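Colleague: One structure, pasted below without further comment.
The values are calculated or read from the model by the stated rules, or taken from the named source; none is laboratory data. Bear in mind that the values here come from a model prediction, so they are computed numbers and not experimental data. Positions of Cβ are backbone-derived with ideal geometry, glycine not excepted, and every protein chain shown enters the neighbour counts. These accessible areas exclude ligands, DNA and RNA; they are computed on the full protein's heavy atoms, side chains included. Shrake-Rupley method; radii C 1.70, N 1.55, O 1.52, S 1.80 Å.
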Amino acid sequence: MAAPTRRPRPLTWRGQVSAVFVAVVAVVIVAALGGSLIAARQIIEQQAEDAALAIARTAASDPRYAEWITGHPPDPDGPVQASTEQLRRRTKALYVVVTDRRGVRYSHPNPDLVGQVVSTDPSVALSGRDAEAIERGTLGWSARGKVPLRDAEGRVVGSVSVGISLSAVQELQRGLASVMLGVGVLAVAISLLAVVWQTRRLHRITHGLELEEMADLLREHAAVLGGALEGILAVDAGGRVRLANKVVRRYLDAGVVLGQPAAASGLPPPLVELLGEGARDWPEAGRLMVLNGRILLVRRITVERHGRHLGVVLVLADRTDLDDLGRELEATRGLMDALRAQAHEYTNRLHALAGLLHLGHHDDAEDYLVKLTGAESWSRGVEDPYLNGILEAKGALASELGVELRVTDATWVEGTLVRPLDTITVIGNLLDNAVRAAARGHRRPAWVEVSLLSDEDDLVVHVIDSGDGIPPDREGDVFASGWTTKELDRSGHGLGLALARTTARHHGGDVVLQDGRGDSHGAVFQALMRTALRRTTGSRHSGLPIEESVSE
């Protein structure tokens, strides 16, 4: 059985690049050498023709030649032959030939040819013009220069022809070709070394991957980024944005310009700051941020190699739905806590009533019942059970922290909530923020005052606390994601006010800081929730604008 034939192993991309580069360099060098040799040959031949013409003119300027050829017949031993041979040997020319008007030679390196007609056409020189050319004569190929020979009166009486052997020209060409060939070989060798060095460097940079593997990796990279559920944003060591997938653009609802510095790429300021070197203490597990109405879990990954900083990658995961579920659960838990507290309170009241009846204090029991039935809840004037529940729950929470939660007498809300989850989110975050501020403040007793007013189908909420307030230079930062009044807070707090404003604005309302601090109170916040109520009876209060101040 014949052995299976082995398929030839394809060249690696390094081998292909080296072969192509060397081939290109070799072709270029060969073409350059060929062109240079052709040009050099033309130049050398032209120089030989010019040299022959110069020697001929020098000889023609000697008046003796005109006298000799007009007064004597051709003679191999004559003065013309002797003088031209001296000139030929001195100039290293191939020949110096003097003719009369008939073209008969008076001199020639071969004395036997003296007295014969020249082998090439002398008519141009005999007509009074200089001529130069490459021609073949009795002595072979030569570069020739021919000039007219004139007598004292200026009449053309003959010609002088000088030739320089092409063998000398070819010798110069061979020497030049050898030098240029050596230069070409040296250039190819240097180019080959450069290619080997560069391909090895590229091999290290690409981790030994072949071109097909890099193409596959690029396709996989694009597929992974395109199919990722999280937003991925990357900057290089110079702070320029190099990567932003479609999820990032959808989260930010804006385009991100690649190749630009982060500050000029269209990214929001919180992300620009997070991409800088000053955010290295960002927790590995990430932190929640409110961006473009979304609650995003942002993880920061610093990319380093061999101790060298290469860039930063941000991974943005949408946690809005999870937060909605959490807020709904918190609201439900608050209602349950409020109902449990009320059940406990009414159980105590029933026990007290039963004790009075058992002891026979019927009059006291009757007075107690009158007080119970006539007593007014601290949330009087609020019809909606969700609002009552959140007030009861936050009141219990405030009490645990040593803070008294007060509901003002001006509170009056008719109707029920249309969007309980969003409304409870705004009110709950405002109350949580106020309770924490009052508990940390220096005023005692600590308190939080809240008022709720219905304005047609809108709900207006005012919250005042007894805390230390907000410094004037920080009032513009209170609604920034991650802002908190606690020094060195790294727990991920600071989303409450940003989330409350985002939720209110989502429905056309707003949350504003009316007063940072006062002589007798801390911060004053006001929230307007548009179309938050479903009216059951006519309105008893006039509308209140969002910027209306709260009476202290």
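Colleague: Distance from the Cα centre of region 506-521 to that of region 85-141, in angstrom?
Modeller: Cα centroid of region 506-521 versus Cα centroid of region 85-141: 116 Å apart.
Colleague: Ok, one more. Scan around Arg150 for amide H atoms under 5 Å from its own, H built in the peptide plane at 1.01 Å from N, and keep only partners 5 or more places away or cross-chain.
Modeller: Those qualifying (amide H under 5 Å, at least 5 residues apart or on another chain) are Val157.
Colleague: What part of the accessible area of region 15-94, given as a whole %, is carbon or sulfur when the probe is 1.4 angstrom? All intermediate terms of the calculation are to be shown ahead of the outcome.
Modeller: Numbers: 2880 of 4610 Å².
That fraction is 63 percent.
Colleague: Using mean Cβ contacts within 10 Å as the protection proxy, how do 245-253, 461-469 order, highest first? Could you put the intermediate results ahead of the total?
Modeller: Details: 245-253: 17.3, 461-469: 23.7.
Highest to lowest by the protection proxy: 461-469, 245-253.
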